[in-house]
1. Let me spell it out: the conditions are (1) over 21 Å from ALA45 (Cβ atoms); (2) crowded, with 21+ Cβ neighbours inside 10 Å, and ALA97 meets all of them except one. Which number is the exception?
2. For region 152-169, what are the residues that are within 16 Å of GLY197 (Cβ to Cβ) and out of contact with any Gly (no Cβ under 8 Å at 6 or more places or on another chain)?
3. Within region 182-203, track down each residue that is over 17 Å from the mean Cα position of the chain (by Cα) and either surrounded by fewer than 17 Cβ atoms within 10 Å (Cβ to Cβ) or more than 24 Å from PRO127 (Cα to Cα) (or both).
4. Any chance region 169-187 includes a residue that's modelled with pLDDT of 95 or more, polar (S, T, N, Q) and more than 18 Å from HIS263 (Cβ to Cβ)?
5. Among the residues of region 226-246, count how many are part of a helix (DSSP H, G or I), aliphatic (A, V, I, L, M) and in contact with a helix residue (DSSP H, G or I) (Cβ under 8 Å, 6 or more places away or on another chain).
6. Scan region 295-320 for residues that are within 24 Å of the chain's Cα centre (by Cα) and within 24 Å of PRO123 (Cα to Cα) and report the count.
7. Which residue pairs have Cβ atoms closer than 7 Å, lie 6 or more positions apart in sequence or on different chains, and pair a first residue in region 249-260 that is in contact (Cβ under 8 Å) with a residue 12 or more places away in the chain and assigned to a loop (DSSP other than H, G, I, E, B) with a second residue that is surrounded by 11 or more Cβ atoms within 10 Å (Cβ to Cβ) and aromatic (Phe, Trp, Tyr)?
Amino acid sequence: MKFSYASTPTPTPNIARSIVSPPAQTVKGSLLKSSLFSLRYNEPAEKKMAIILVYFNVQGSLRLINNLLFVKQMLELANIPYFIGEMSIAGSPFLFAESANIFHFQSPDVMFYKENIINLMEPLLPPIYDKLCIMDADIIFSNPDWYSLMAAKLNDVNICQPFSTAYWLNISYDKVIRENSSYLKNRISGHEGFVWGFQRAWFNAYKFPLGGFIGSGDTIFIYAVLEKKIQEKHQYISNSLVKYISNLPATISSAYLHLNIYHLYHGTIKNRQYVSRHSTINTLLKELNVDQLEECTEYNAHGIMLWRPAYRSALNSFLKEYLITRNDDSI
């Protein structure tokens, strides 16, 4: 792997078009698609927050590519600094060439690499960036000034979830099929994922726990950091999470922002098996006579997590089948 650093883009005249964040009662309807089409982010006056996106696509989904390119284009049009960590899994082709803000990683094994890649990327970013925004590659903000609002909030708190309401879009991007509040707005039933911001010094000290091998990395992280607990469905990584939680500071400041985000479609909620995949992996671990999933892992010289040889075949087959049955393209 070779790594290089990105410089801060030179400011250009602001020619962005803005739209007002629509309230929940009006976000649905025929205006939604046209609003997304015309939306442009405003270029921030200060650019000290780095956006981090992660991309891996061993299942060959075209919709994942389309969503990523949409998000990437929105950032580029506003000269917002972003970095992409791209993982080639089992020889899958890279989408992008390596560049100042594109980092390549490779692994022969199939697993969810988001947190592993982000932990490896953070030390590689130029020191000018004192804040981080970890964003899924399928999220669009309705407020064109979201970057500046988020960066300002991170002057005051360690962690920021920069939205209050998330809207899931349908396959045509013209209807809302689901909505939920952010986790920090509603800790009972709010959504734990999508996008999080960090003071870089805080993230550098604690990073992500490596436990989201089959996804749910955001949920694992947030419950560990903000609740200091491990959910029952994640007991298969409890040993490593106990160690992670014990090293966290006693006080962690957090906040959310009153912003709306749109989640771009990539398959049905049912096909993603957010609940059943955890019981399935527990069944597989019992068949392998393993209590903790970390017993099946090791690291290569570049810090990439791999399956140990004795478990590689079974776990690769399980994860690849899971990713294929997600059917992100919904064809």
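The values are calculated or read from the model by the stated rules, or taken from the named source; none is laboratory data. Nothing here was measured: the structure is a model prediction, and the numbers come from that model. A quick note on method: Cβ atoms are made from the backbone with ideal geometry, for glycine too, and the neighbour counts reach across all protein chains shown.
1. (2)
2. As a first pass, look at region 152-169 and keep what is within 16 Å of GLY197 (Cβ to Cβ): 152-164, 166.
If the condition is that a residue be within 16 Å of GLY197 (Cβ to Cβ) and out of contact with any Gly (no Cβ under 8 Å at 6 or more places or on another chain), then ALA152, ASN155, ASP156, VAL157, ASN158, PHE163, SER164, ALA166 are the ones that fit.
3. Of region 182-203, the ones over 17 Å from the mean Cα position of the chain (by Cα) are 185-189, 201-202.
Selection gives LYS185, ASN186, ARG187, ILE188, SER189, ALA201.
4. No, there is no match, as no residue in region 169-187 is modelled with pLDDT of 95 or more, polar (S, T, N, Q) and more than 18 Å from HIS263 (Cβ to Cβ).
5. Of all residues in region 226-246, those part of a helix (DSSP H, G or I) come to 226-227, 232-246.
Pick out the ones that are also aliphatic (A, V, I, L, M) and you get 226, 237, 241-242, 245.
Next, from what is left, pick out any that are in contact with a helix residue (DSSP H, G or I) (Cβ under 8 Å, 6 or more places away or on another chain): 237, 241, 245.
The total comes to 3.
6. Going through region 295-320 one residue at a time, the tally reaches 9.
7. Matching pairs, first to second residue: LEU257/PHE163; LEU259/PHE141; LEU259/TRP146; LEU259/PHE163.
Conditions tested, residue by residue: (1) under 18 Å from the mean Cα position of the chain (by Cα); (2) modelled with pLDDT under 95; (3) closer than 20 Å to ILE220 by Cβ; (4) of a type in the set (Gly, Ala, Ser).
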{"residue": "GLY85", "(1), (2), (3), (4)": "yes, no, yes, yes"}
{"residue": "ALA90", "(1), (2), (3), (4)": "no, yes, no, yes"}
{"residue": "ASP109", "(1), (2), (3), (4)": "no, no, yes, no"}
{"residue": "ASN116", "(1), (2), (3), (4)": "yes, no, yes, no"}
{"residue": "GLU122", "(1), (2), (3), (4)": "yes, no, yes, no"}
{"residue": "PRO126", "(1), (2), (3), (4)": "no, no, no, no"}
{"residue": "SER148", "(1), (2), (3), (4)": "no, no, no, yes"}
{"residue": "ILE159", "(1), (2), (3), (4)": "yes, no, yes, no"}
